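Q: Attaching a single structure in structure tokens format; questions to follow.
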Amino acid sequence: MDITKRRLLIGGSTAVLATALSGCGTLLYPERKGQTGGRIDPSVAILDGLGLLLFLIPGLIAFAVDFSNGTIYLPGGRRAENQDDLSEVKVTAALTKPEVDRIWTENYGHAAPFELAELQRRRLSDKTVTLDSVASLARNDFARI
């Protein structure tokens with residue numbers, strides 16, 4: 001086989017394989033793990049379908065992994081974690097150590113299991129995003145729940 005054709009074949013195979021392997025939603029969106037339903041993300045489905053079209057077995061594996069992990073679904077759907085015990089608390093006073101302790105004790109009935117310096121402060125615009133963000137941070141050990 002001519003060296004130019006061989007390089008073209010190797011380069012094309014590498015590009016196709018890289019596309020098929022990167023099409024897995026678990027690699028692209030690891031923060032979506034745990035979703036149990038919702039609308040399917042077209043970009044992940046197309047990339048998985050491309051893997052299915054080009055390589056049957058890797059494409060099937062990509063679809064199976066994405067559906068089992070829930071990473072094929074768009075954010076905002078149902079989640080596997082129990083988020084019923086997450087509640088929204090609006091605070092108008094300054095967040096000092098005594099104020100945080102008082103709010104925590106009122107809501108949970110015991111002393112806060114963290115120090116004020118360990119907290120992260122973020123402005124949140126949507127409650128759905130809030131619950132997803134808190135659950136994601138907790139799974140990655142950035143927040144303790």
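The values are calculated or read from the model by the stated rules, or taken from the named source; none is laboratory data. Please read all numbers here as calculations on a predicted model, not as lab measurements. Neighbour counts run over all protein chains shown; Cβ positions are idealised from the backbone, glycine included.
Q: Six or more apart or on different chains, Cβ under 6 Å: which pairs go from a residue in the stretch 50-78 that's free of Cβ contacts under 8 Å to residues at least 12 places away in the same chain to one that's crowded, with 19+ Cβ neighbours inside 10 Å and of a type outside the set (F, W, Y)? Could you list them?
A: L52/G59
Q: Could you go through the stretch 73-82 and let me know if any residue there is at pLDDT 80 or above and assigned to a loop (DSSP other than H, G, I, E, B). Spell out the reasoning first.
A: If we filter the stretch 73-82 for residues that are at pLDDT 80 or above, which is where we start, we get 73-75.
Add one more test, that the residue is assigned to a loop (DSSP other than H, G, I, E, B), and what stays is 74-75.
Among the residues of the stretch 73-82, at least one is at pLDDT 80 or above and assigned to a loop (DSSP other than H, G, I, E, B), which makes the answer yes.
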